[in-house]
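For reference, the structure is listed below as structure tokens.
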Amino acid sequence: MTANSETQNIPRGLFVISILYGGMASLAGILGNKLVALGPLAVEAGIFAFILLVVLSSAVAEVYGRATGNKIVVYGFVPIIVSMILIQLVLALPPASFWEEEKRIAFDIILNQSTRLMFAGIIAYGTSQLLNVFLITRLKGESGKFLWLRSMIAGVVSQAVDTVIFITIAFYGVAPLMKIMPGQLLAKIILSAIFVPPLVYAIVRMAKRMDS
């Protein structure tokens with residue numbers, strides 16, 4: 001089998017979703033360094049990339065099946081780990097002599113996450129995303145109806161699990177968990193309930209149209 005024929009066997013919609021998925025997986029950790037105010041709640045900005053990851057894995061599971069949905073989650077570890085390695089490499093390299101000191105310090109602060117935070121992010125990502133794929137396909141049943149409701153349930157539950165795992169691993173013994181977790185949980189549940197269903201519906205339609 002030639003390389004060209006192998007490429008043609010990959011559905012176009014899955015190919016596009018996979019590229020976007022890898023980008024969001026790499027970006028989520030960087031965005032998470034900023035806390036944003038959503039009304040009275042303060043949440044880490046990585047939530048927006050993680051919501052898109054939930055949307056994309058849900059769409060893949062819906063259109064291409066649970067096995068493919070699980071694969072895209074597992075393959076998502078690759079860009080995450082590679083980006084972590086590259087970040088540490090860049091941080092270890094000496095800065096240019098003419099680079100302003102304040103910019104170098106800001107760069108280091110933003111990207112130099114602790115090993116504990118990185119570990120927490122990886123565990124939370126893998127667990128919550130695999131759970132999301134499981135739930136949206138498990139609830140599908142024989143009819144395959146109620147995508148809107150199924151995606152909302154899967155998104156809300158998986159994001160809640162993601163928050164509990166990440167906050168617990170990252171901050172246990174370091175900061176009061178009950179002062180951090182409630183706001184994060186509430187914000188993620190609300191945002192997932194509002195944005196995940198319509199976005200999943202849109203991506204599913206896009207993938208089916210691209211594959212037809």
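The values are calculated or read from the model by the stated rules, or taken from the named source; none is laboratory data. Bear in mind that the values here come from a model prediction, so they are computed numbers and not experimental data. So basically every Cβ, Gly included, is an ideal-geometry build from the backbone, and we count neighbours across all protein chains shown.
Some points to look at:
- So residue 33, is it at pLDDT below 90 and under 30 Å from residue 185 (Cα atoms): yes
- Sole residue being without any contact (Cβ under 8 Å) to a residue 12 or more places away in the chain and β-branched (Val, Ile, Thr), chosen from 80, 51, 19: 19
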